[in-house]
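Single-structure report; data block below.
Read the figures in this text as sums done on the coordinates, not as results from a lab. Please read these numbers as outputs of a predicted model, since none were measured by experiment. Every residue, glycine among them, receives a Cβ derived from its backbone with ideal geometry; neighbour counts consider all protein chains shown.
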Amino acid sequence: MIKIFSCIVLLFSVILAKPSLEVPKISNEARSNFDIYSIDLDNKDSSYEVQIAIPKNLQNPKVIFLLDGTSFFPRFINKYNSYIVVGIGHKGDVAFDRKRRTYDYLPQSNLQGSGGVYEFLSFIKDIVLPLSTKLIEDKIKTNIDSKILFGHSFGGIFTLYTLLEDSLLFDEYFIVSPSLWSEPKFGSLEIKECPKFVYYLWGGNEAKKTQESMPHINFAKDFALKNPKCNISYKEVANKNHGEMIEAGFFELNLY
């Protein structure tokens with residue numbers, strides 16, 4: 001009986017840790033709070049949807065760029081309405097396209113199909129940022145105050161990669177539960193030029209799937225030590241697993 005109960009608890013924990021593949025819908029309340037725009041873009045063999053939400057009662061011209069935008073964009077604006085939000089998503093009928101995320105978000109790693117991160121970063125820099133920035137500034141009639149990049153899991157790895165490769169592309173970085181277990185090849189962990197702020201978050205109940213020699217706490221401390229001149233904060237969020245860190249990350253981002 002004890003073994004059966006333990007297996008049920010373990011299975012339930014695994015289910016909770018994995019986010020749903022169903023694409024969330026934008027609520028009617030969010031539609032009343034935001035002016036929402038959508039841009040379809042192609043890059044090589046992949047199609048993307050860039051969704052932009054501008055609060056109708058805008059007070060702070062700060063823009064949050066959400067990776068995994070197919071899922072994260074509706075989830076964020078359904079809860080929070082303080083910021084301009086840009087969701088960058090893989091176009092399709094699933095919330096998380098693992099094959100395309102593996103290629104776009106990860107540098108060379110221990111996962112087959114990774115390694116397209118430089119192409120995706122170039123796409124963000126050369127196409128997504130100029131188009132979204134122009135649309136937003138045309139609508140709000142002023143300059144954007146600050147650009148924040150938010151990524152979770154594989155998206156957390158991409159956020160970290162962007163910080164290391166082109167640190168001033170965004171002003172601030174939220175790195176949430178990056179998939180260190182995939183052993184991404186970063187090279188140096190030294191930031192070339194310090195952005196305004198870097199925040200590294202992970203859950204206290206995350207599966208022990210990180211590299212044995214470098215779980216989140218050790219990685220975060222080492223990363224901060226390697227970049228003493230940069231404004232880097234890190235935090236373990238108690239009682240949260242990997243999947244739950246999506247909403248926990250949103251909460252911290254909205255507080256910021």
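A compact table of results
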quantity: Calculated over segment 116-256: convex hull of Cα atoms, volume per residue (Å³); calculated: 114 Å³
quantity: Likely footprinting exposure, L255, L106, fewest C-beta neighbours within 10 Å first; calculated: L255, L106
quantity: Loop-located chymotrypsin sites (Phe, Trp or Tyr not before Pro) in segment 122-160, at most 11 other Cβ atoms within 10 Å (DSSP); calculated: none
quantity: Rg followed by Dmax, in Å, when the chain is reduced to its Cα trace; calculated: 18.0, 65
quantity: Positive-end residue, the chain charge dipole about Cα centroid, Cβ charges, pick of I84, S167, G116; calculated: I84
quantity: Viscosity 0.692 mPa s, 37 °C: Kirkwood-radius Stokes-Einstein D of segment 96-163 over Cα pairs, µm²/s; calculated: 250 µm²/s
quantity: Two-site label geometry, K235 and C194: point separation in nm, points 7 Å out along Cα→Cβ; calculated: 2.0 nm
quantity: Förster-model FRET efficiency, 30 Å R0, L131 and L21, C-beta, rounded to 0.05; calculated: 0.60
quantity: Selected from C230, A248, N33, residue furthest toward positive end of dipole (the chain; charges at beta carbon); calculated: A248
quantity: Candidates Y103, Y161, Y37, ranked by Gaussian network fluctuation over the chain, Cα under 10 Å, top entry; calculated: Y37
